[in-house]
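Asks: Please read through the structure below; I'll follow up with questions.
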Amino acid sequence: MIRIIGIVAVVSAIIVGMSTYTVDERERVILFSLGEIKALDLEPGLHFKFPLVNNVRKFDSRVLTLDIPPDRFLTSEAKNVIVDFYAKWRIDDVGQFFRSTRGNERNAEDRLAQILRDGMRNEFARYTLEQVVSGERLTIMGAVRQQALDTARELGVVLVDVRIRRMDLPDEVSESVYERMRAERQRVAQDFRARGREEAERIRARADRERTVILADAYRESEQLRGEGDARAAETYARAFGEDEEFFSFYRSLIAYRSTMTGDNTMFVIEPDSDFFRYFGSPIGAPRR
């Protein structure tokens with residue numbers, strides 16, 4: 001009796017297990033009846049089904065990431081660019097998604113990847129290498145996403161976003177770009193050096209001009225001071241000479257003697273009765289006869 005009860009309990013548990021299923025908030029669910037879709041998007045919670053008649057397929061309703069292997073695209077200049085990009089997508093219409101992909105996420109991702117590659121190829125062909133590197137990424141990504149929206153809708157999914165993760169140049173292109181950048185930097189550096197030399201020459205010329213002006217002003221001022229000094233000296237001499245002409249003449253003669261009679265071999269070619277020797281013969285400077 002106990003064995004029968006145990007068997008009944010096990011069978012009942014199996015039947016209940018086969019007759020119930022739960023729906024998570026992060027899932028989209030399709031209920032099938034003998035292979036045909038019977039219900040879509042059931043509410044989260046516990047649900048019942050007929051064993052062997054109904055079956056359930058569950059799909060992730062969260063935003064998924066599609067990683068696309070890096071690929072090469074040609075710019076309008078026929079230059080290759082290696083682009084690593086990804087897309088964010090989620091299931092929107094679970095019935096359409098099942099009918100288009102048989103419920104296989106890999107099939108949906110392969111279709112989306114091909115659509116995005118084609119969009120990338122078309123968009124990159126519209127721009128130059130400089131444009132795609134410098135600032136047209138958002139424009140390109142927006143255009144690619146817009147082009148893929150209709151096709152994604154046919155798959156029952158929504159393309160949330162498309163982003164470039166990395167953009168590289170092939171080695172041969174990178175070398176030419178670096179050489180061009182290096183030449184441009186050298187040109188800019190030479191331009192700065194030329195402007196620096198020009199500014200230095202300008203500053204040097206201005207300094208030389210200011211130096212010349214300062215020296216000229218100093219020379220003029222010194223000459224003016226020297227002239228004023230000479231005038232005051234002459235005035236002083238004249239005043240002193242006017243007060244005692246004889247003493248002043250004697251003093252000037254002494255200065256002349258001291259200035260000329262220096263050294264061991266001093267020779268004068270001069271007449272003995274010259275006024276130069278007037279004080280040699282007389283302390284009052286009387287003329288010699």
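Asks: Among the GluC sites (Glu not before Pro) within the range 68-119, which fall in a DSSP loop and have no more than 16 other Cβ atoms within 10 Å of their own Cβ?
Replies: Glu77
Asks: Let's test the formula: R0 of 45 Å, r as the Cβ-Cβ distance of Ile203 and Asp230. What FRET efficiency results, to the nearest 0.05?
Replies: With a Förster radius of 45 Å, E is 0.70.
Asks: Right, here's the next one. Provide the net charge surrounding Arg153, with neighbours chosen by a C-beta distance below 10 Å and charges set as Lys +1, Arg +1, Asp -1, Glu -1.
Replies: -4
Asks: Once fully extended, how much extra length lies between Val160 and Ala240, figured as 0.36 nm per residue of separation less the alpha-carbon to alpha-carbon distance?
Replies: 17.5 nm
Asks: Here is a further query. What spacing in nm lies between the two simple spin-label points modelled at Arg182 and Asn80, each 7 Å away from Cα in the Cβ direction?
Replies: 2.2
Values in this text are rule-based calculations from the coordinates and carry no lab data. Keep in mind that this is a model prediction, so the values were computed, not measured. Note: ideal-geometry Cβ built from the backbone for every residue, glycine included; neighbour counts use all protein chains shown.
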